[in-house]
Structure formats: C-alpha cells, structure tokens
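A quick write-up on the structure given underneath.
The values are calculated or read from the model by the stated rules, or taken from the named source; none is laboratory data. Fair warning: this is a prediction, and the values are worked out from it, not measured in the lab. Glycine also receives a Cβ, built like all others from the backbone with ideal geometry; neighbour counts cover every protein chain displayed.
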Amino acid sequence: MALHQATASAPVNIACIKYWGKRDTKLILPTNSSLSVTLDQDHLRSTTTSRADPSFERDRLWLNGVEEEIKDGGRTATCIAELKRLRREEVEDKQPNEPKLSTYAVHIASYNNFPTAAGLASSASGFAALVSSLAQLYSLPVSPSTLSLIARQGSGSACRSLYGGFVAWDQGSNPTGIDSLAREVAPQSHWPDIHALICVVSDDKKGTSSTSGMQRTVETSELLQHRINHVVPQRLKAIEEAILKKDFDSFAQITMADSNQFHAVALDTEPPIFYLNDVSRAIIALIVEYNRVSVAAGRGRRAAYTYDAGPNAVIYTLKENVKEIVELVVKYFPQREGSFKDVFELFAGVDVAATEGKVVEG
Ligand code: ADP
Ligand code: DP6
Ligand code: CO
C-alpha cells in the first residue's frame, strides 16, 4: 500500500518591528503590521513530518517527541482543516483518480533544533513547517502567499517564515483576513552582509506565552494604543527605506527602539509582563556602549539588539563586525550554567523557501 508522507522544514524569523496584539483572536489578525528577518536553517529550524493513513483514527501531533493535544477548533486544527479543504478542492475534486487523502486522519511529528517557547520564535518556524509539510503531503499547487495565510492562523509570526530575506506582514483591513499576510520586502541577496548573533540567555519555557501575553496587553495597556496608532506606521516606512538603502545605522536605531517599546508595552500590561532578565539588560548595555564608541568615531551604529517574548538576545550586525562582537559578548558573559548558554553566529536572511520543491508560484 502506498505510503503518504512528507517532511518539510522552516526557518525562524526575528522581528525588527514587533507584532504584539490581535484584533481578531480566532483568525489571528494583528493590531499592527510588522517586519522581520528570516534566519538561516542551520541553527534554528523546525522539521515536520506528516503522514496520512486510512488506519489512523484521529489527527495527532507530537512536538519534540511528546504528544500535544490538538484542540477542537484550535489553531493546529484550523491549519489542518484548511489544508484538507484545499486538498479536496484543488486535487481530489479535479482529479478523481487521486487518493482521497483529505478523508484520512494525519499524524504529525515535529522537532525544533533550538529551545521551544523560549522567545526564539518556535511558533513561527513550527507552524510554517507544519503547513509546508501538509502542503507537500497533499501535493497542493499553492503559492507561498496561500500558505502564509494558513500559517498565520496557527501563529501570527509564522506567516512571515514562508519567505526568506526581509519580510513584512501587512495587517490588512478585510475582516476575513484575506489581506493579512506576509510579503517579501527584499531578498537576502539584497543585503547579504547582515548577520545575526543569537545569545541564548535561557532555554527555559517562558512564563507567559506570546498568545496570552499579547491578549492581556490589548485588554489593559494604553501605551499599546499609542504604539499602534502613532509609532509603528512611521517606523515601518522608515525601516523599509533603511533596508532598501542598506542604511545600517537607521536599521539599528529603529530595531532597538521597537524592541524597547515592545517590552515597555509588556510592562504596561496589567499585571505586568517581564520578558527580559538581568543578563538581557546587561547585553543591551554592552551594545549601547559599543554603538556609543562607534558613533563617536564617526562610524554610526554597528549593532542592533532585539528581544522577542523572552530573555534571549538577537544581535543584528554587518559581517565585518561579527568577530569583534562575539569576542565582546564572550568576554563579558563567560558561559555560566543558568545565565549565558551559547552564542551562535547565524547568517540572517538566507533565502529559504520553507516550501521548497512541491509548492509553486501563485
Ligand atoms: P516562541 O517564542 O518560541 O514562539 P510561543 O509562546 O509563541 O513561543 O509559542 C510556543 C508554542 O508554539 C509551543 O508551546 C507549541 O504549542 C507551538 N510550537 C512550537 N514549536 C512547534 C512546532 N515545531 N510544531 C508545532 N507547534 C509548535
Ligand atoms: C514578540 O506569533 O508567537 O515574537 O500569534 O499568538 O502565536 P501568536 O503569537 P506569536 O507572537 C510573536 C510575538 C513576538 C514579535 C514578533 O514575532 O513579531
Ligand atoms: Co511565538
């Protein structure tokens, strides 16, 4: 009997302009647009295998070897249902000889090669890989933008992991969510000199998930309203321009300002949410000092820190500075158990099609 199985991997992306807040929690429609850089898959990726079989009784998911419940009407269930519907409409209805995979249950196994739920965007690579593996399993003739729309309903940030390079997620205005998806701002090849350093401060699971944290912020923070209406739109325009002009000083200034404001908004939440710890703050101080010296020497800012919903730092810099910054970080943060775990050098923005091979352009 035929084996119906497919494996796909997807990279993480780390936002420079942060998504934080939903206007529709079911469809995952954000309260603001965002922009990120997709990292390469060598150090941070999710790899997901899906199998459909008539003997399976129900859809099941294993994450890093441990079964996770697929809740009825939850995000994973929504993604699976959407892809089964596309299988039916795009393949089975048009080619009656194709096996009716949409009627079989699926078993899905996924592994992250980096800390899960620790503020390194595992939900982004996780749902991008899940959607990609099912699209491959079902031989769907769909574009990355269709997959981006579906991945968004798994985890908002996942919609950006379907593209490499510099990626924007436009919030859209349609209540159905049809215009709330990612688009490429520039490919990695536009600015290959940008690198990312990942400083793993802690690989513990965060205390407040992104989903519940941002919901609480929407309900209680006044600062969020200011951010959404008066800060993010201008910043998005400015950072897109900085990327297109390869203006690292502006890119760094905007990225750090937005990380700071996102964490300010978390603090403005009731009860407050603290994602940074003392080591995170010490890394900020180090980068601020590094940039102060650089600006004084007439070279502009040469490094940008950014933190997602967790204590782990991502430092964007140009290739020529990587060695110097790694040495600095290692000098000031000797590896101690429980404080500073590791620093990887990553090449940011590699053009990885999470959907390589099976998925074609729209
Ligand atoms: P992170 O900062 O790592 O994105 P989140 O709080 O946003 O943390 O999301 C973590 C959740 O994402 C996990 O608890 C799990 O439900 C889901 N997730 C993470 N990795 C995967 C994966 N590879 N496949 C499916 N779901 C995943
Ligand atoms: C701080 O995409 O993880 O990383 O949509 O509820 O799954 P859900 O949240 P998620 O939130 C990411 C928040 C962030 C910023 C960003 O990636 O833009
Ligand atoms: Co996440």
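Tabulated results
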{"read-out": "Residue count, region 99-145 (criterion: among the aromatic types (Phe, Trp, Tyr) and within 15 Å of ligand 3 (Cβ to nearest atom))", "value": "2"}
{"read-out": "Residues satisfying the stated conditions in region 28-61, i.e. buried (at least 18 other Cβ atoms within 10 Å of the Cβ), more than 16 Å from the chain's Cα centre (by Cα) and hydrophobic (A, V, I, L, M, F, W, C)", "value": "Ala52, Leu61"}
{"read-out": "Positions within region 62-93 being under 14 Å from Tyr104 (Cα atoms), of a type in the set (Asp, Glu) and surrounded by fewer than 16 Cβ atoms within 10 Å (Cβ to Cβ), in sequence order", "value": "none"}
{"read-out": "Boolean, Ala128 is touching a helix residue (DSSP H, G or I) at 6+ places or on another chain (Cβ under 8 Å) and part of a strand (DSSP E or B)", "value": "no"}
{"read-out": "Among residues of region 188-233, those that are part of a helix (DSSP H, G or I), of a type outside the set (A, V, I, L, M, F, W, C) and away from ligand 3 (no atom under 16 Å from the Cβ), counted", "value": "12"}
{"read-out": "Residues (closer than 22 Å to Ala282 by Cα and away from ligand 2 (no atom under 16 Å from the Cβ)) located in region 204-250", "value": "Asp204, Asp249"}
{"read-out": "Enumeration of residues in region 131-178 that are among the aromatic types (Phe, Trp, Tyr) and either surrounded by fewer than 24 Cβ atoms within 10 Å (Cβ to Cβ) or part of a loop (DSSP other than H, G, I, E, B) (or both)", "value": "Tyr138, Tyr163"}
{"read-out": "All positions within region 254-283 that are under 24 Å from the mean Cα position of the chain (by Cα) and free of Cβ contacts under 8 Å to residues at least 24 places away in the same chain", "value": "Ala257, Asn260, Leu267, Pro272, Phe274, Arg281"}
{"read-out": "Test: residue in region 309-320 that is within 16 Å of ligand 3 (Cβ to nearest atom), assigned to a strand (DSSP E or B) and within 16 Å of Gln253 (Cα to Cα)", "value": "yes"}
{"read-out": "One residue from Leu197, Leu120, Leu101 being at pLDDT 95 or above and of a type in the set (A, V, I, L, M)", "value": "Leu101"}
{"read-out": "Members of region 220-229 that are surrounded by fewer than 16 Cβ atoms within 10 Å (Cβ to Cβ) and touching an Asp or Glu at 6+ places or on another chain (Cβ under 8 Å)", "value": "Thr220, Glu222"}
